[in-house]
1. Work from the charge dipole of region 83-154 (Cβ charges, +1 for Lys and Arg, -1 for Asp and Glu, about the Cα centre) and give the residue of Thr137, Ile86, Ser120 farthest towards its positive end.
2. Can you give me the distance in nm between label points at Asp29 and Ala65, each placed 7 Å from the Cα along the Cα-to-Cβ direction?
3. Could you work out the relative contact order of region 23-78? I mean the mean sequence separation of Cα pairs under 8 Å and 6+ apart, divided by the number of residues, in percent.
4. Can you compute the FRET efficiency between Glu20 and Lys53 using 1/(1 + (r/R0)^6), with r the Cβ-Cβ distance and R0 = 22 Å? Round to the nearest 0.05.
5. Would you mind ranking Ser56, Ser16, Ser114 by Cβ crowding within 10 Å, fewest neighbours first?
6. Stretched out fully, how many nm does the piece from Asp121 to Asn150 gain, at 0.36 nm a residue minus the Cα gap?
7. Taking the Cα centre of the chain as the origin and placing charges on Cβ (Lys, Arg +1; Asp, Glu -1), which of Gly104, Leu68, Gly43 is farthest toward the positive end of the dipole?
8. Could you line up Cys48, Cys40, Cys60, Cys98 from fewest to most neighbouring Cβ atoms inside 10 Å?
Amino acid sequence: MPSFTLTINNDKKVISAEPETPLLWVLRDILDLTGTKFGCGKGLCGSCTILYKGNSVRSCTLTIAAALEGNITTIEGLSEEGLQPIQEAWMELDVPQCGYCQSGQIMAASALLSKNTRPSDDEINRAMAGIICRCGTYVRIKKAIQLAANKLEE
Ligand code: FES
Ligand code: FES
């Protein structure tokens with residue numbers, strides 16, 4: 001089996017796997033980073049969203065061969081230096097219900113706020129499109145993104 005070096009949460013990890021293996025499999029099954037969730041496995045639900053080179057990416061459709069060039073950030077890596085404003089906002093507004101989709105939601109929101117600390121409603125809607133919450137927490141998610149944006153502007 002070939003070996004690959006991935007940078008995950010600023011840490012180099014050597015992985016033995018086929019090059020076409022989806023990153024999500026590596027995160028959950030090999031590295032035990034189970035904060036990233038498996039939903040559909042087909043790029044349709046967003047529950048597996050991580051950051052790759054700072055962009056929101058579905059890890060079930062990103063192969064490890066395509067993920068060698070930049071840092072991969074998972075929900076576990078988001079708070080290495082303490083809680084981020086996005087996480088504080090999520091907690092203050094008690095956003096999750098069952099919680100299954102929430103790491104994907106937070107990672108997509110985090111990607112948005114890293115590039116735009118004053119997102120409009122439309123920009124939030126576009127950034128969060130396709131990350132499905134079966135519990136319907138969308139209103140709280142949007143409020144938490146706005147609250148986190150305010151915190152970043154303080
Ligand atoms: S598990 Fe990746 S988009 Fe659904
Ligand atoms: S909180 Fe349950 S699916 Fe989103």
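Read-outs: derived from the displayed coordinates by stated rules, not from any lab. Everything quoted here is computed from the prediction, not taken from an experiment. Every residue, glycine among them, receives a Cβ derived from its backbone with ideal geometry; neighbour counts consider all protein chains shown.
1. Of the options given, the answer is Thr137.
2. My value for the distance between the label points is 1.8 nm.
3. Computed over region 23-78, the figure is 35 percent.
4. Using R0 = 22 Å, I get an efficiency of 0.65.
5. Working: Ser56 21, Ser16 10, Ser114 16.
Exposure proxy ranking, most exposed first: Ser16, Ser114, Ser56.
6. 9.1 nm
7. Gly43
8. Going from sparsest to densest Cβ surroundings: Cys98, Cys40, Cys60, Cys48.
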